[in-house]
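Asker: I'd like to ask you about the structure that follows.
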């Protein structure tokens, strides 16, 4: 379909919790294709629907050459811990060490209503948590320690 423009902070759509998808319509099918087309670029690990201006619970991913999507994802389980650099397409040029669970599992559906389970550790675990946070209206900088978050906000304002 199309590679869509990425919404950046302070766009309010990024802070708005997304609505569940209740019916698979042609518009939802087009959204999924746009999410896949837009995430399928080197350096992009995941993309939530609100990052392209659509407040529905869907995200796409591009991890280790595997591109896919999930609708109505729910973060079911996390365990372990990792602390590493994290960035976001909606916060360009900002990378900060962020604490996340090492392993994460998400459950949702595909366009045919079939159950989808995505799980993994490392970058996959980080992406699953990052994208479900987006769908809940949160950004990764919300997870930073107070002083580091303040520095990130200052840097973000200087880049605008």
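The values are calculated or read from the model by the stated rules, or taken from the named source; none is laboratory data. On a predicted model such as this, the values are computed, not experimentally measured, just so you know. Quick reminder, even Gly has a Cβ in these numbers, built from the backbone with ideal geometry, and neighbours come from all protein chains shown.
Asker: Do we find that residue 28 is more than 24 Å from residue 123 (Cα to Cα) and at pLDDT 95 or above in this structure?
Answerer: yes
Asker: Could you look through the stretch 6-25, keep only residues that are touching a helix residue (DSSP H, G or I) at 6+ places or on another chain (Cβ under 7 Å) and under 22 Å from residue 68 (Cβ atoms), and pick out the one that is surrounded by the fewest Cβ atoms within 10 Å (Cβ to Cβ)?
Answerer: Of everything passing the filter in the stretch 6-25, 6 is surrounded by the fewest Cβ atoms within 10 Å (Cβ to Cβ).
Asker: Next up: Which count do you get for residues in the stretch 58-84 that are under 30 Å from residue 151 (Cα atoms) and either in contact (Cβ under 8 Å) with a residue 24 or more places away in the chain or exposed (fewer than 13 other Cβ atoms within 10 Å of the Cβ) (or both)?
Answerer: Filtering the stretch 58-84 for residues under 30 Å from residue 151 (Cα atoms) gives 59-63, 75, 78-84.
If we keep only those that are either in contact (Cβ under 8 Å) with a residue 24 or more places away in the chain or exposed (fewer than 13 other Cβ atoms within 10 Å of the Cβ) (or both) as well, we get 59-61, 63, 75, 78-84.
Number satisfying all stated conditions: 12.
Asker: In the stretch 26-33, is there at least one residue being buried (at least 21 other Cβ atoms within 10 Å of the Cβ), over 14 Å from the mean Cα position of the chain (by Cα) and free of Cβ contacts under 8 Å to residues at least 40 places away in the same chain?
Answerer: Among the residues of the stretch 26-33, at least one is buried (at least 21 other Cβ atoms within 10 Å of the Cβ), over 14 Å from the mean Cα position of the chain (by Cα) and free of Cβ contacts under 8 Å to residues at least 40 places away in the same chain, which makes the answer yes.
Asker: Turning to a different aspect of this structure: Being in contact (Cβ under 8 Å) with a residue 24 or more places away in the chain, surrounded by fewer than 21 Cβ atoms within 10 Å (Cβ to Cβ), under 15 Å from residue 135 (Cβ atoms) and in contact with a helix residue (DSSP H, G or I) (Cβ under 6 Å, 6 or more places away or on another chain) narrows it down to one residue among 46, 53; which is it? Before you say what the answer is, go through the steps one by one.
Answerer: Values: 46 fails: surrounded by fewer than 21 Cβ atoms within 10 Å (Cβ to Cβ).
When all the criteria are applied, what remains is 53.
Asker: Among the candidates 54, 74, which residue alone is outside any loop (DSSP other than H, G, I, E, B) and modelled with pLDDT of 95 or more?
Answerer: Details: 54 fails: outside any loop (DSSP other than H, G, I, E, B).
Checking each option against the conditions leaves just 74.
Asker: Can you name the strands (runs of 3 or more DSSP E) wholly within the stretch 85-140 that have at least 1 residues being crowded, with 18+ Cβ neighbours inside 10 Å and without any contact (Cβ under 8 Å) to a residue 12 or more places away in the chain?
Answerer: none
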